[in-house]
Amino acid sequence: MQNSMNNTLKRQEYIQLFSACSTSGSDHKKDTLFSTEYAVLYENFEEPIDPGASAHLWLYPALNRTTPELNNHLQNALSKVSKLPFPPVIQLKKDTYGKPYFPPPYEKIAVSFSYTQQFGILGLSTKTAIGIDMVEVTELFKINEVVNSHFHFSEQSIFENLDHIKAKNWFFNAWVLKEAALKSTGEGIAFGGLSKIIVGLINDSYFIKDGFKKEKSIAGSMTLKKNDTELAIGISVSGF
């Protein structure tokens, strides 16, 4: 399950979720990646879901970000993970940090979503808290400026020692991992900043190296091409 800028979305894409280290000092396993957990990204809401996945994600065109459109997607997704009946209109709630959640009787189903100009992505999990983030991979993004001003110095070192293509891939995967991790905890970037979550790189795999202070937290990312648009997608699940 390697990250690749040349992936095109198939019927299902599997995203390996790596253990997110939350300790520091001598006990910190900096070079160890381990997890048997994974998330699945589906091409459409008609695909059967993988019951072994920790989380399920659906990618869809999002040219019109209307309430009826989101409600339709929420109903389609809920029907895949729950046998509970749902009302004609699903009213998501928000906690004090702005993190969305379902009202009863769906409160045990975690939800997160993200948008780019062209696409939306919706994620559900019946096992854990969830955070997802998605961005378009573009040269227009001020990568150097963001890395130097918002990333940890250890991440800046990784970035500076990669060639242009690998540095770009690392940056966008790191960005969505950071955002997804902060969304899963409900904090968001306004409550700690991007430098709080430190992303590492081992054998072309991107993982959260430090700063994620939830037990049993896992996260992963991938890049793919959809309709000539390159997307980076990050997912984080915690507290299960």
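The values are calculated or read from the model by the stated rules, or taken from the named source; none is laboratory data. All values derive from a computational prediction rather than experimental measurement. Note that we place each Cβ from the backbone using ideal geometry, even for glycine, and neighbour counts take in every protein chain shown.
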*Just to be sure, is residue 116 within 30 Å of residue 228 (Cβ to Cβ), out of contact with any Ser or Thr (no Cβ under 6 Å at 6 or more places or on another chain), at pLDDT 90 or above and of a type in the set (Ser, Thr, Tyr)?*
yes
*What are the residues in the range 105-129 that are among the basic types (Lys, Arg) and touching a residue at least 40 places away in the same chain (Cβ under 8 Å), if any?*
127
*Would the range 207-225 turn up any residue that is at pLDDT 80 or above, of a type in the set (S, T, N, Q) and within 23 Å of residue 36 (Cα to Cα)?*
yes
_Where the second residue is surrounded by fewer than 13 Cβ atoms within 10 Å (Cβ to Cβ) and the first is of a type in the set (S, T, N, Q) and lies in the range 74-103, which pairs have Cβ atoms under 7 Å and are six or more apart or on separate chains?_
91/103
*Taking the stated definitions as given, is residue 151 surrounded by 15 or more Cβ atoms within 10 Å (Cβ to Cβ), among the aromatic types (Phe, Trp, Tyr) and in contact (Cβ under 8 Å) with a residue 60 or more places away in the chain?*
no
*Hits in the range 92-102 - residues which are over 19 Å from residue 56 (Cα atoms) and at pLDDT 90 or above*: 93, 94
*Mind checking which residues of the range 165-188 are at pLDDT below 90 and either more than 14 Å from the chain's Cα centre (by Cα) or hydroxyl-bearing (Ser, Thr, Tyr) (or both)?*
184, 185, 187
*asked:* For the range 69-85, give me the residue count where each residue is more than 22 Å from the chain's Cα centre (by Cα) and farther than 13 Å from residue 109 by Cα.
replied: 1
_Matching residues in the range 13-46 - criterion: being at pLDDT 60 or above and exposed (fewer than 15 other Cβ atoms within 10 Å of the Cβ)_ = 34, 36, 44, 46
*Hey, can you tell me all the residues within the range 89-118 that are surrounded by 13 or more Cβ atoms within 10 Å (Cβ to Cβ) and touching a strand residue (DSSP E or B) at 6+ places or on another chain (Cβ under 7 Å)?*
92, 100, 101, 102, 109, 110, 111, 112, 113, 114, 116, 118
_Regarding the range 129-138, can at least one residue be identified that is hydrophobic (A, V, I, L, M, F, W, C), touching a Ser or Thr at 6+ places or on another chain (Cβ under 8 Å), at pLDDT below 90 and surrounded by 15 or more Cβ atoms within 10 Å (Cβ to Cβ)?_
yes
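Residues are listed down the side, and each one gets a yes or a no for (1) under 30 Å from residue 107 (Cα atoms); (2) in contact with a helix residue (DSSP H, G or I) (Cβ under 6 Å, 6 or more places away or on another chain); (3) in contact (Cβ under 8 Å) with a residue 24 or more places away in the chain:
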| site | (1), (2), (3) |
| --- | --- |
| 131 | yes, yes, yes |
| 143 | no, yes, yes |
| 181 | yes, no, yes |
| 184 | yes, no, yes |
*Tell me, which residue of the range 48-68 that is in a loop (DSSP other than H, G, I, E, B) and modelled with pLDDT of 90 or more is farthest from residue 108 (Cα to Cα)?*
48
*Cβ-Cβ below 6 Å, separation at least six or inter-chain, first residue in the range 165-179 and closer than 13 Å to residue 147 by Cα, second in a helix (DSSP H, G or I) and of a type outside the set (Val, Ile, Thr): which pairs?*
167/159; 178/194
